[in-house]
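Note sheet for the following structure.
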There are 2 protein chains.
Amino acid sequence: MEERLADLGESELLRRLAAWAPAGQFDDDAALLEERSGRLLVVNTDVLVEGVHFSDSTMGASDLGWRAAAANLSDLAAMGCREVVGLTVGLVAPGATPWPWVVGVYDGLAEALGRYGGSLLGGDCCRGEQRLLAVTALGHVGEGPIRRGDGRPGDRLVSTGPHGLSRLGLALLQQDPDPALADLPGTGLAARAVACHRRPQPRFDAVAALEDCRPPAQPWRVGGCDSSDGLLASVAAIATSSGCTALLERQQLPLDSELARLDPAVRWCLEGGEDFELVLALPPAWAEALCRRLPGCTLIGALQTAEHPSRRGEVLWGDDQNPVRASGAQFHHFG
Amino acid sequence: MEERLADLGESELLRRLAAWAPAGQFDDDAALLEERSGRLLVVNTDVLVEGVHFSDSTMGASDLGWRAAAANLSDLAAMGCREVVGLTVGLVAPGATPWPWVVGVYDGLAEALGRYGGSLLGGDCCRGEQRLLAVTALGHVGEGPIRRGDGRPGDRLVSTGPHGLSRLGLALLQQDPDPALADLPGTGLAARAVACHRRPQPRFDAVAALEDCRPPAQPWRVGGCDSSDGLLASVAAIATSSGCTALLERQQLPLDSELARLDPAVRWCLEGGEDFELVLALPPAWAEALCRRLPGCTLIGALQTAEHPSRRGEVLWGDDQNPVRASGAQFHHFG
């Protein structure tokens, strides 16, 4: 029987699509292009589809605009960008869409650009059955690029902030009937979680801190990506591209202390997704310096030599060397 | 009553969206970004939606891939690009979409990149109700940029090739019952028209010819755009952005000689759209040199000083100064 996209899933589809690009081109969150001056331009395209990435019940138009910009800008930060050039936006919507909704979306996009720099460069618009934003972000790398494959055995794994809050925010916005969440509405934790989901913050500040605290004799070499697909997926991606096995410390999971009391906390921390933090693989002295410099930044594990090529990309718990298993609840955008 | 996008139409919507961008940013087919070396990078995003821009009845997957690339690359050529850097592609499709369809699309994209240069830089994919491609193209300007607003009174208007064939191709593919088309299937004209519609050719060769035949004392100044929205719309856009009135010569319409015998020929030439030729406003000596150099390139009219600011952007017939009226059959992607 003919294979359908739903049978493949998003990550297998992207893996196959890489065959049409130069070798290694699809390994990272975004594309790196070297300008004549040697400066590196980063280009990233993300598509946000109604019913998959957003819905009227979880966010208003200006939150959607912010989020569309922020998700893209996070991919720039994940490549080591310090300077945002701007965005192009492809807008698709049914003809019955009210103009004020578009105003809200563009206000949100502009608000994010106002915060992080750059401008609206251009775009296209068209009628379609479903609301959709296709955003391309451009920016310039600072001192050096961050790449998934630049981790090495012995590197420490660093998370620039807690994970799982965005997933909690989504659960609250979707009025998830899970009894663990029954007492949350109205609390500070709930407000923080909803804000994390609706207004993610690309971590350009973490890139700046990373540059500032590089040990003097340390050449630039930073493995990493953002955690938009979930912390575990990010660690696995770095381990795979770097040809290593990753160890995660059970006691060092980057959990928000209030979130940690909830039953699904560990699962959401590992697999919730859309936290848009950076996950980095750094030589130990640099990793420790970054954690001292950047509030909320923590050591979560390490990369080690894979015992066998077949074990590259595995993520194990550091205490008992058991695999950190996915619950199967990860993003499957074609599922 | 609340305004809806269908009430606005695509061009009014784009005009309003420009308010969120720096002044003038939306005036051209694509965005120009100056690199440190002074070289100009061009960035363009186009969205192609099933049922609006394509359907299984009018083109197969590889034609769609070619067309998606070619339409974007045409916007690069329309800005004066000589070198294609590459494309990012956002792919949206229902989960039931067969994988071989995706293979066809990417083969078509790669075929166009193989012809015109550049590579697949990256992309994103997601499930959605409707098939859709959001393509961002990047390239570098050669000797100088081409801009809609760089025309001046006295410039000659040049078309790099005939117009209307793509529209005829669409009519044939849609099995338009117009009796004027009854005898066409199987003819050479029909084959050419279908090829024009399915495999448009971005005119990088015309940019090269333009550079080659610039008169020695002539500084770089080229008004222009591509004719993706139709010849009349292109001329009106150049006239509007350049603050001029445009004159078109009735006897000099860029009509394919075989197409000219068909009843709707003039209307399709003016408003058919998707021919992806370049329409340029050039100082007379340069315009004439280009027409001598480039086969199929013809003088079609001129820009003149608008008698009154309210007449900027008007397109008149050169013989009787009557307005070249639109039939109302132009593209309205939200209609």
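The values are calculated or read from the model by the stated rules, or taken from the named source; none is laboratory data. From a predicted model like this one, the values you see are computed outputs, not experimental measurements. Cβ atoms come from the backbone with ideal geometry, glycine included; neighbour counts cover every protein chain shown.
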| Candidates A:Leu294, A:Leu270, A:Leu299, filtered to the one that is in contact with a His (Cβ under 8 Å, 6 or more places away or on another chain) and in contact (Cβ under 8 Å) with a residue 12 or more places away in the chain | A:Leu270
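Conditions (1) at pLDDT below 95; (2) closer than 25 Å to B:Arg221 by Cβ; (3) in the same structural domain as B:Leu13 (by TED's automatic domain parsing), marked per residue:
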site	(1), (2), (3)
B:Asp263	yes, no, no
B:Gly273	yes, no, no
B:Glu288	no, yes, no
B:Arg292	no, yes, no
B:Ala302	no, yes, no
B:Arg311	yes, yes, no
B:Ala326	yes, no, no
B:Ala329	yes, no, no
B:Gly335	yes, no, no
| When you look at B:Arg131, is it over 21 Å from the mean Cα position of the chain (by Cα) and more than 9 Å from every other protein chain (Cβ to nearest Cβ), yes or no? | yes
| note | All-but-one check, B:Asp150 against (1) among the acidic types (Asp, Glu); (2) crowded, with 21+ Cβ neighbours inside 10 Å; (3) closer than 26 Å to B:Pro94 by Cα, failing number (3)
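Yes or no, residue by residue, for (1) buried (at least 17 other Cβ atoms within 10 Å of the Cβ); (2) without any contact (Cβ under 8 Å) to a residue 24 or more places away in the chain; (3) assigned by TED's automatic domain parsing to the domain that holds B:Asp150; (4) polar (S, T, N, Q):
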residue	(1), (2), (3), (4)
B:Ala23	no, yes, no, no
B:Ala31	yes, yes, no, no
B:Gly38	no, yes, no, no
B:Val47	yes, no, no, no
B:Asp56	no, yes, no, no
B:Gly65	yes, no, no, no
B:Ala71	yes, no, no, no
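Residue by residue, here is whether (1) more than 20 Å from the chain's Cα centre (by Cα); (2) closer than 30 Å to A:Asp46 by Cβ; (3) free of Cβ contacts under 8 Å to residues at least 60 places away in the same chain holds:
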residue	(1), (2), (3)
B:Gly117	no, yes, yes
B:His163	no, no, no
B:Gln175	yes, no, yes
B:Pro185	yes, no, yes
B:Cys196	no, no, no
B:Pro200	no, yes, no
B:Cys213	yes, no, no
| query | Mind checking which residues of the stretch A:103-128 are modelled with pLDDT under 95 and of a type in the set (D, E, K, R)? | reply | A:Asp124, A:Arg127
| remark: Here the residues within the stretch B:272-312 that are among the basic types (Lys, Arg) and part of a helix (DSSP H, G or I) are B:Arg292, B:Arg293, B:Arg311
| request: Test B:Asp178 against the criterion of being of a type outside the set (A, V, I, L, M, F, W, C), over 30 Å from B:Pro309 (Cα atoms) and at pLDDT below 95, and give yes or no. | output: yes
| said: Given the options B:Gly95, B:Gly60, B:Gly128, name the one that is crowded, with 24+ Cβ neighbours inside 10 Å and either over 23 Å from A:Pro22 (Cβ atoms) or among the basic types (Lys, Arg) (or both). | reply: B:Gly128
| task | May I ask you to verify whether B:Arg16 is more than 24 Å from B:Asp275 (Cα to Cα) and of a type in the set (Lys, Arg)? | result | yes
| note | Considering residues that are closer than 17 Å to B:Asp319 by Cα and either modelled with pLDDT under 95 or in contact with a Ser or Thr (Cβ under 8 Å, 6 or more places away or on another chain) (or both), the number found within the stretch B:232-250 is 2
